[in-house]
Amino acid sequence: MTIERIIKKFQENHPHDDVAVLVKAFKFAETAHQGQMRKNGEPYIQHPLHTAYMLAEIKADLATVAAGLLHDVPEDTDHDLEEIQHRFGTEITTLVAGITKLGKIKYRGIERYRENLKKMFLAMTSDLRVIFIKFCDRLNNLRTLEGLPAEKRKRIAQETMEIYVPIAGLLGVSRLKWQMEDICFKFLYPDQFHELEYQYEVEKKVERNRFFQKIKSILIPKLDEAGLQYKIEIRFKHLYSIWRKMQEKGKRFDEIYDVFALRVIVPTIDDCYKTLGIIHTIWKPKPNRFKDYIAVPKPNGYQSLHTTIFGPESKAAEFQIRTSEMHEESIYGLAAHWYYKNQHRPADYRTPGWVKEIIEIQKEILSTDELIKNIKLDIFRDRIFVFSPQGDVFELPEGATPVDFAYAVHTNIGNKASGAIINDKLGKLDQELKNGDLVEIITEKNRPHPNRDWLKFVKTKHARDRIKQHARRSPLDNIKRFLPRINK
Ligand code: MN
């Protein structure tokens with residue numbers, strides 16, 4: 001991978017942006033990673049380059065691609081976030097800091113699944129772009145797993161399937177989702193993967209292409225006759241989803257009829273229904289296989305008309321009919337808005353507030369998805385999540401302070417707290433923490449008691465109780481204790 005290729009890809013979607021910062025970020029990262037090697041023997045810089053390229057592919061904006069180039073610098077080199085801030089400014093640094101923070105989260109097995117999921121959600125609400133960088137980072141790591149021991153490969157694949165894939169699904173980024181799924185499938189079930197790959201790639205390829213040419217040759221004249229503008233694509237189902245379908249339905253590869261599908265992309269919604277009408281006039285639709293995701297979109301926003309018909313040679317074929325806008329969204333999910341944000345939109349197009357939209361999606365998915373239904377959205381309301389330097393996450397109420405955090409970690413840390421470092425900067429014990437803050441408590445070994453004044457600002461009952469329990473009573477308190485008696 002080269003920086004030139006990244007710039008070329010980036011400019012396809014953002015022709016007017018000044019790409020000087022990408023060159024600058026590349027040079028800085030290249031120098032910083034100088035001499036480092038990946039496990040597969042490549043120079044380290046190839047990893048951030050591939051990450052940035054994938055971001056450019058999903059149409060990420062300038063700051064995100066630049067952050068992709070820089071994402072491993074603070075973690076793996078002598079150059080810290082402060083230096084990045086100095087050279088590249090706040091926006092890029094915030095993204096890089098987000099990635100660095102996510103990297104501090106430790107994977108602790110399946111039982112920690114939910115906790116990890118929460119952490120991803122947390123990062124998402126602050127800046128979604130961090131998640132996209134993390135996805136591309138992970139995808140490239142998956143592609144270079146070959147050099148690792150089988151056990152470790154499996155673990156990483158498992159983690160990806162449990163955490164990254166569902167979130168990619170939530171965000172509707174099917175492009176990243178299926179790429180991750182197929183790679184993980186290969187590592188988790190190598191035999192099944194290779195068998196299916198062989199059937200799919202080798203055995204059926206010629207037959208498949210001939211069949212589609214035939215369908216197209218019948219359909220195209222009819223679409224032309226109706227005066228429609230259209231684009232026809234062959235859509236291949238990804239290996240993992242074929243395999244899953246075979247498992248679920250107990251079917252053989254050649255019994256899965258939507259392994260291949262034709263996608264017809266037209267300008268307007270009206271054209272979608274017209275095209276559907278034409279298809280159903282030529283071929284008989286298979287009962288119960290028509291789905292109108294335009295009238296009723298999927299929870300992640302997916303829209304299209306799906307129908308399966310009995311095609312030539314009585315073979316079934318699936319059609320997906322959609323507008324180009326729906327097409328973009330189905331591939332890039334919410335990332336499509338990076339791109340559309342700056343384009344001329346039809347007046348009726350709703351510009352989504354990213355975070356709002358995600359919360360809507362979370363609600364839908366959380367109420368429907370069997371796997372994660374136990375996580376209630378309430379958890380995220382009025383709560384903040386704060387990281388410890390060890391990568392643990394603590395849930396605190398809004399407005400919580402470093403003292404609340406200290407007591408959440410351990411009573412002794414609370415009792416002996418003397419200061420706080422918040423996101424690598426010296427902070428105050430009574431300052432309000434923000435979602436996603438990384439907090440380190442400075443303790444004073446010889447401090448015998450907590451400070452009673454902390455009661456004025458702590459937010460959690462836990463901290464309050466502990467302070468009351470351990471704080472030395474002031475002389476004033478002793479007087480107060482006698483007051484009621486004196487009054488009587
Ligand atoms: Mn990385």
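Here are the numbers for the structure shown:
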{"read-out": "Residue check, Gly68 more than 11 Å from Cys136 (Cα to Cα), of a type outside the set (D, E, K, R) and assigned by TED's automatic domain parsing to the domain that holds Leu142", "value": "no"}
{"read-out": "Looking only at segment 26-53, and only at residues there that are of a type in the set (Gly, Ala, Ser) and over 26 Å from Pro389 (Cα atoms), the one that is nearest to the ligand (Cβ to nearest atom)", "value": "Ala52"}
{"read-out": "Residue that is of a type in the set (Gly, Ala, Ser) and either more than 12 Å from the ligand (Cβ to nearest atom) or assigned to a loop (DSSP other than H, G, I, E, B) (or both), where the choices are Ala56, Ala67", "value": "Ala56"}
{"read-out": "Tally of residues being away from the ligand (no atom under 16 Å from the Cβ) and farther than 15 Å from Asn40 by Cα across segment 132-162", "value": "7"}
{"read-out": "Number of positions in segment 197-240 that are aliphatic (A, V, I, L, M) and assigned to a helix (DSSP H, G or I)", "value": "8"}
{"read-out": "Single condition Thr100 does not satisfy, out of (1) away from the ligand (no atom under 14 Å from the Cβ); (2) more than 21 Å from Asn40 (Cβ to Cβ); (3) at pLDDT below 85", "value": "(1)"}
{"read-out": "Output for segment 440-463, where each listed residue is within 26 Å of Asp424 (Cβ to Cβ) and not in a loop (DSSP other than H, G, I, E, B)", "value": "Glu440, Ile441, Ile442, Thr443, Trp454, Ala463"}
{"read-out": "Condition check for Thr93: over 21 Å from Leu62 (Cβ atoms), modelled with pLDDT of 90 or more and surrounded by 15 or more Cβ atoms within 10 Å (Cβ to Cβ)", "value": "no"}
{"read-out": "The listed residue being surrounded by 14 or more Cβ atoms within 10 Å (Cβ to Cβ) and in a strand (DSSP E or B), out of Gln303, Gln320", "value": "Gln320"}
{"read-out": "Given (1) small (Gly, Ala, Ser); (2) crowded, with 17+ Cβ neighbours inside 10 Å; (3) more than 28 Å from Ile167 (Cα to Cα), index of the condition Ala261 fails", "value": "(3)"}
{"read-out": "Filter result for the condition that a residue is in contact with an Asp or Glu (Cβ under 7 Å, 6 or more places away or on another chain), surrounded by 12 or more Cβ atoms within 10 Å (Cβ to Cβ) and either among the small types (Gly, Ala, Ser) or closer than 30 Å to Tyr53 by Cα (or both), over Lys237, Lys177, Lys154", "value": "Lys237"}
{"read-out": "Segment 282-300: number of residues that are in contact (Cβ under 8 Å) with a residue 40 or more places away in the chain and among the polar types (S, T, N, Q)", "value": "1"}
{"read-out": "Which numbered condition His79 fails, given (1) assigned to a loop (DSSP other than H, G, I, E, B); (2) of a type outside the set (A, V, I, L, M); (3) within 14 Å of the ligand (Cβ to nearest atom)", "value": "(3)"}
{"read-out": "Test: residue in segment 112-121 that is away from the ligand (no atom under 15 Å from the Cβ), more than 16 Å from the chain's Cα centre (by Cα) and modelled with pLDDT under 80", "value": "yes"}
{"read-out": "Test: residue in segment 7-25 that is surrounded by 15 or more Cβ atoms within 10 Å (Cβ to Cβ), within 15 Å of the ligand (Cβ to nearest atom) and closer than 24 Å to Thr144 by Cβ", "value": "yes"}
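The values are calculated or read from the model by the stated rules, or taken from the named source; none is laboratory data. Note that the structure is a prediction, hence the values are computed from the model and not measured. For neighbour counting, all protein chains shown are included, and Cβ atoms are generated from backbone atoms with ideal geometry for every residue, glycine included.
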